[in-house]
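Okay, structure first, notes after.
The values are calculated or read from the model by the stated rules, or taken from the named source; none is laboratory data. These numbers were taken from a predicted model, which means no experiment stands behind them. Glycine gets a Cβ as well: all are built from the backbone with ideal geometry, and neighbour counts include every protein chain shown.
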Amino acid sequence: MEHKRIALSLPHLGGQEKKYVNDAIDSGWVVPLGPHVDALEVDIQRFLGGTHYISALSSGTAALHLGLILMGVEQGDEVICQSMTFSASANPIVYQGATPVFVDSERDTWNMCPEQLESAIVDRRKKGKKVKAIIPVHLYGMPAKMDEIIQIAEKYQIPVLEDSAEALGSTYKGKMCGTLGEMACLSFNGNKIITTSGGGALVTKTEIDANKAKFLATQARDNAPHYQHSHIGYNYRMSNIVAGFGRGQMEVLGLRVKQRRNNFDVYLKGFEDEAGILFQEGLEGMYSNRWLTSILVYPDNCNGVTREDIRISLNELNIETRPLWKPMHLQPIFDNAPYYGGDISAHLFDHGLCIPSSSSLTDEDRQRVIESIREVIAKGK
């Protein structure tokens, strides 16, 4: 008998999404913009503490792109980006005709290494290059070492565009991730902790920047009775139907964080006697939403079993897992980009595995994942 599929990270409805979506349909607001877009922006603003401004967009990638534009990134500039991340963190740099400069991870959080960040800035300046922005990422919901990163950024007067796509609900020393940099992006993609099926948001410190982002996101249409354009714009605004879905999801965001964190706690307990399994755990003052629970698999202490052995075996058992992000400096598309650091991010990729983390996982699901991995290790190579 074939077991049911256990997915890596599924959308999880809260029950109120249909109410808001039906309202959008019944009211005729089935286009970009509308009352649910405005209301969702307020919901996110309140969740983040009420001090920042929100622009609801079509994706987290769009948010990063607009953030770079607002920071003045142009052709020939450079942007320092965490190497250990999804390509969406780096692609918008290229959209602007700028060059991504990748920085290695540190071992504690797996995020941007502050020491390598400063080395990159100093060396790029020596080479006559102009670094216009820094993009750290809160990997799998784990906050980066933002105090050190921001201190370095302020020292060299470079703005921080915080990639908080995976970290809605995470906090750093009591502050919400997404409010730590000059600007930040959020993602509501289908696999995120809450979803609008596809969507994102730009978080800014000022209303002026938010208004600029919204202007650019609606094709940069000038204030005129006819269609007039003085700037290049983009079709990046969120639709009212999608925003309605997001409003229903926002009502259960706190619960979703608790459920994802419970996954981590159960897995941590389930592998506590496996010396070859280590977890992404962070440091004091870092509160991760545990969007994805990620482990490192060391064959020397796992009967010779690698993370790839576990991934293949679990796939045959209808359990989805995924290697950690392949570092950007190892990607074919970025093979000529500057890179600063050693082999930490490469090491994480070689040994790392994301295991099922849906907020809808049952106790039976989690135990099946744990037992399946333990069986693979017990059998050995």
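Points to keep in mind about this one:
- Looking across the range 306-357, the residues that are charged (D, E, K, R), surrounded by fewer than 22 Cβ atoms within 10 Å (Cβ to Cβ) and modelled with pLDDT of 95 or more come down to E308, D309, R311, E316, E320, R322, K326, D343, D350.
Let's see how each residue does on (1) farther than 22 Å from P143 by Cβ; (2) modelled with pLDDT of 95 or more:
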residue	(1), (2)
L253	no, yes
G270	yes, yes
G282	no, no
G285	no, yes
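- Residues located in the range 130-143, provided they are in contact with a Cys (Cβ under 9 Å, 6 or more places away or on another chain) and part of a loop (DSSP other than H, G, I, E, B): P136, H138, P143
- Residue in the range 269-278 that is surrounded by 15 or more Cβ atoms within 10 Å (Cβ to Cβ) and without any contact (Cβ under 8 Å) to a residue 24 or more places away in the chain present: yes
- Residues of the range 279-305 classified as surrounded by fewer than 19 Cβ atoms within 10 Å (Cβ to Cβ) and farther than 25 Å from S87 by Cα, total: 9
- Residues satisfying the stated conditions in the range 1-57, i.e. aliphatic (A, V, I, L, M) and in contact with a Phe, Trp or Tyr (Cβ under 7 Å, 6 or more places away or on another chain): V21, L57
To keep it simple, each residue is scored yes or no on (1) in the same structural domain as V42 (by TED's automatic domain parsing); (2) in a loop (DSSP other than H, G, I, E, B).
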site	(1), (2)
D209	yes, no
A224	yes, yes
G233	yes, yes
I241	yes, no
F245	yes, no
K258	no, no
R261	no, no
L268	no, no
D273	no, yes
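- Residue count for the range 313-337, restricted to those that are without any contact (Cβ under 8 Å) to a residue 12 or more places away in the chain and in contact with a helix residue (DSSP H, G or I) (Cβ under 9 Å, 6 or more places away or on another chain): 1
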